[in-house]
1. Only one of A:177, A:200 is open to solvent by less than 60 Å² (accessible area, probe 1.4 Å) and touching a Leu at 6+ places or on another chain (Cβ under 8 Å). Can you tell me which?
2. Against the conditions (1) modelled with pLDDT of 90 or more; (2) more than 9 Å from RNA strand B (Cβ to nearest atom), where does residue A:53 fall short? Just the number, please.
3. When both residues are 6+ apart or on different chains and their Cβ atoms are under 8 Å apart, which pairs have a first residue that lies in region A:36-54 and is free of Cβ contacts under 8 Å to residues at least 24 places away in the same chain and outside the structural domain of residue A:23 (by TED's automatic domain parsing), and a second that is open to solvent by less than 10 Å² (accessible area, probe 1.4 Å) and more than 9 Å from RNA strand B (Cβ to nearest atom)?
4. Could you check, for region A:424-434, whether at least one of its residues is in contact with a Pro (Cβ under 7 Å, 6 or more places away or on another chain), on the phi < 0 side of the Ramachandran plot and outside any loop (DSSP other than H, G, I, E, B)?
5. Could you say whether any residue in region A:273-280 is among the β-branched types (Val, Ile, Thr) and either surrounded by fewer than 17 Cβ atoms within 10 Å (Cβ to Cβ) or in contact with a Ser or Thr (Cβ under 9 Å, 6 or more places away or on another chain) (or both)?
6. Here are A:312, A:350, A:292, A:276: which of them is within 11 Å of RNA strand B (Cβ to nearest atom), touching a residue at least 24 places away in the same chain (Cβ under 8 Å) and more than 17 Å from residue A:121 (Cα to Cα)?
7. Across region A:207-255, what is the total count of residues that are touching a residue at least 12 places away in the same chain (Cβ under 8 Å), open to solvent by 60 Å² or more (accessible area, probe 1.4 Å) and within 16 Å of RNA strand B (Cβ to nearest atom)?
8. Looking at (1) assigned to a loop (DSSP other than H, G, I, E, B); (2) more than 12 Å from RNA strand B (Cβ to nearest atom); (3) of a type in the set (Ser, Thr, Tyr), which is the only condition residue A:13 fails?
Amino acid sequence: MIQHHINTFIANYLIEKKLDFDDWTVSQNTKKDFGEFSSNLALKLAKHLKKSPLEIAENIVKESAGISEIFTLSASAPGFINFHISNQYYYTVLKKILKEGENFGKKRTHNKKANVEFVSSNPTGPLTVGHGRQAILGDIISNILTWDGYSVTREYYYNDAGKQMRVLAESCYAKYAALCGENVSFPENGYVGSYIDKIAQKILDLKGASLKPEDKIFREFTENEIFTDIQNTLNRIGVKFDVFSKEGQFYSNGSIDKILEFFAKNNLSYVKDGAVWFKTSHYGKEEDKVLVKSTGEPTYRLPDIAYHADKVDRGFDLIVDVFGADHIDTYPDVILGLECLNKKTDHIKVIIHQFVTLKKGGEIVKMSTRKANFVTLDELVDDLSPDIIRYFFIMRGANSHLDFDLDLAKDDSEKNPAYYLQYAHARISNLLKRYSQEMGDNKVDTNYENLKSQDELNLLKILSDFPDRMNDIVSSLEPRRLATYLEEVAAAYHKFYGNQKVINPADIKTSTDRKDLCRAAQIILKIGLSILGISCPERM
RNA sequence: GCCCCGGUAGCUCAGCAGGAUAGAGCAACUGCCUUCUAAGCAGUAGGUCACACGUUCGAAUCGUGUCCGGGGUACCA
């Protein structure tokens, strides 16, 4: 908000001086000795004007004295122009936060629609810790977009028709047969987890021992059981989907055949060795990719293209795909496929996150996919609250590997970083309760001019920064940045709390100002924590 | 080989649309609860921001190259 004022000021200055020049920036200062913001304008103009940067900066400062009520200017070596924001400005923002409450920072509403696809794990087994990261990431990204005014569809896409599911059914039959005392060879790369044994047992109990391997129940019942489990797990961490899309529909509604026809007709594909190839090499890829195997089975690419084409056709303004790092090389093929179909793609945003390793007793727990020695998300939820799980999964940026330290997560003490934010909120709640008990609720007119200590102003400045920070978070879709911001808010609050006594019957004006500052901090914490899907406890 | 991510304090990581003295949590050490919640605060110690070169008034941040770790590179998803 304030940056906007400064930008306008500089732009106007340049227009006034008839300078056609836009190579300058305004940055927020970490060290406040130089004001809250600085611009490199003079440093950049130096070459252009063939004058020393400091001289230019000093001139600008001199010429602009008294031009704004919001800030004053100063120049410093080697040529920065510093903007010192008046306390008055921040007092206005405080009023605004209190007035607008949880709507503070929201821009004008728009009617855009977004689709966020995440998890999308095939129902071949329980969700692992790795899926948990994606579930939380996708959910919070959806929350961020909702905050920004989007109407968001959370979508889970899965493959109910391919090879994986066939192998799953075969695995289940093999287990079933074994329970019936028959000797059936186990499928190659079959699923060996104990959850399959349980499902096979259930089938045996339900249907008896006379089923044939081709009976549909091995596929349908197994898929259903596992999928129900997956949804239960997701519900436990507060993740709910609006739409489940199944791959099978793109076979039955003919869209896959249509794509193949279109590609063949437009010379985008060819047949070689009994397989259908996508001419990806014509578009800068290293080699062509197979769309349909010689067995007649499509690879994942083809239905994925059909699915994404369908999403594009559904008319979203923004499509977000959240994938694990193992998809890094595959989604460009899908995008390329869409482009070949003449579909819009520039509104598709792909978020790739790195993997999760689980740390227990200081050691990394190795997880392998099919071998059934993974830690399930459910096991994690058994031990930890959703708040802790959510916080731990977004403690790191999506692009960083995530070490999930189970011992730290389980730690119920001040060591656990997840409590820091919630504690600030709880502290405020309690303080406000005490305040009305001891001070009453009588209204005092105030301009907040009693807020002038470092701790108070620092907290107020951080709170004022919320709209700009959300702006960045919406465009980056990086939940970690929201957590970082809230940590700054909490730290500033805890510091203020430690140094300034709020409730003081001898000084009602100062008490009121500080109480309102606390209320504003609580509002910001509550907005932020809600977006993260973390609860805001009244006490801890 | 090629492509994508990462390499910042003892450990785990922020910071990275270039900006002034590089931050947090954990671990270590020292203080602070008869006063609004100590799940907190204050302080000490800890760094050649992997390395080299380059661009720039200015580089943890941008470029090139090297090294190390992870992922991908399938007629698996």
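1. On the way: A:177 fails: touching a Leu at 6+ places or on another chain (Cβ under 8 Å).
Sole residue among the options that is open to solvent by less than 60 Å² (accessible area, probe 1.4 Å) and touching a Leu at 6+ places or on another chain (Cβ under 8 Å): A:200.
2. All conditions pass for residue A:53, except number (2).
3. Cβ pairs passing all conditions: none.
4. Applying the first criterion (in contact with a Pro (Cβ under 7 Å, 6 or more places away or on another chain)) to region A:424-434 yields A:425-426.
Remaining after also requiring on the phi < 0 side of the Ramachandran plot: A:425-426.
With the extra rule that they be outside any loop (DSSP other than H, G, I, E, B), the set shrinks to A:425-426.
Yes, the conditions are met somewhere in region A:424-434.
5. First, the residues of region A:273-280 that are among the β-branched types (Val, Ile, Thr): A:276, A:280.
Okay, now just the ones that are also either surrounded by fewer than 17 Cβ atoms within 10 Å (Cβ to Cβ) or in contact with a Ser or Thr (Cβ under 9 Å, 6 or more places away or on another chain) (or both), so A:276.
Checking region A:273-280: at least one residue is among the β-branched types (Val, Ile, Thr) and either surrounded by fewer than 17 Cβ atoms within 10 Å (Cβ to Cβ) or in contact with a Ser or Thr (Cβ under 9 Å, 6 or more places away or on another chain) (or both).
6. On the way: A:312 fails: within 11 Å of RNA strand B (Cβ to nearest atom); A:350 fails: more than 17 Å from residue A:121 (Cα to Cα); A:276 fails: touching a residue at least 24 places away in the same chain (Cβ under 8 Å).
The unique qualifying residue is A:292.
7. Adding up the residues that qualify gives 4.
8. (1)
The values are calculated or read from the model by the stated rules, or taken from the named source; none is laboratory data. Nothing here was measured: the structure is a model prediction, and the numbers come from that model. Because the Cβ atoms are built from the backbone with ideal geometry, glycine has one as well, and the counts that use them run over all protein chains shown. Calculation scope for accessible area: heavy atoms of the full protein, side chains included, ligands and nucleic acids excluded. Shrake-Rupley method; radii C 1.70, N 1.55, O 1.52, S 1.80 Å.
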